[in-house]
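Have a look at the structure below before the remarks.
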Amino acid sequence: MDAKPALEASLVQEFVGNAHGDLNRVKELLAQEPALVNATWDWGGGDFETALGAASHMGRRDIAEFLLNHGARLDIFAATMLGKLEVVKAALAAYPDALNTPGPHGISLIAHAQAGGDEAKAVLVFLESMKK
């Protein structure tokens, strides 16, 4: 298989940056370049973030669902914010130390659950019980 060229860095940065809160721009950029859906931006010092990661720590369920419906790779941080309790339980049963693994910008799983609001309340309660 022939290697494809790397995505333009400024496009990746714009996509990930807008995934923190601008669903319309995320839709426009993804329509322009579908490969952006799993692109990762390095904010520096190894602080890597995808658009799904950005939407997740900001509690932007609308953006996260859009990205997941367009091929984004589900991770424990998104599952936490979205309130997917069974997914989070299964992941932490297999890898208990993931409870303390920081997400993009060093943001914890518990903060992702808090960002998820009422829909993530059961996940928040579960994570808090694991911390004890």
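Read-outs: derived from the displayed coordinates by stated rules, not from any lab. What you are looking at is a predicted structure, and each value in this text was computed from that prediction instead of being measured. Please note: Cβ atoms are built from the backbone with ideal geometry, for glycine as well, and neighbour counts cover all protein chains shown.
Summary of values
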quantity: Between helix 85-94 and the chain: long-axis angle, C-alpha atoms, 0 to 90°, nearest 10; calculated: 80
quantity: Charge dipole (debye, nearest 20) of the range 9-131; +1 at Cβ of Lys and Arg, -1 at Cβ of Asp and Glu; calculated: 260
quantity: Distance histogram in 5 Å bins (all Cα pairs of the range 55-132, percent per bin); calculated: 3, 19, 30, 27, 15, 5, 1, 0
quantity: Fewest-first sequence of 73, 61 by Cβ atoms within 10 Å of each Cβ; calculated: 73, 61
quantity: Highest-fluctuation residue, 63, 107, 76 considered, GNM on the chain with Cα pairs under 10 Å; calculated: 107
quantity: Relative contact order computed over the range 7-132 (Cα-Cα under 8 Å; 6+ residues apart), in percent; calculated: 22
quantity: Neighbour-count ranking [beta-carbon atoms within 10 angstrom, fewest first] of 67, 82; calculated: 82, 67
quantity: Candidates 32, 114, 13: whichever shows maximal mean-square fluctuation once the chain is modelled as a Gaussian network with Cα springs under 10 Å; calculated: 32
quantity: Gain upon complete extension [residue 121, residue 7; 0.36 nm per residue less C-alpha separation]; calculated: 37.3 nm
quantity: Value at 222 nm in deg cm²/dmol, rounded to 500, when DSSP H runs of n ≥ 4 in the chain each add -39,500 (n - 2.57); calculated: -14500 deg cm²/dmol
quantity: Gain on full stretching of the segment that runs from residue 69 to residue 93 - 0.36 nm per residue minus C-alpha separation; calculated: 6.0 nm
quantity: Gyration tensor (alpha-carbon) shape descriptor, the chain, a/c threshold 1.5; calculated: prolate
quantity: Helix axis angle, 9-18 relative to the chain longest principal axis, alpha carbon, degrees; calculated: 40
quantity: Most mobile of 46, 83, 71 in a GNM of the chain (Cα contacts under 10 Å); calculated: 46
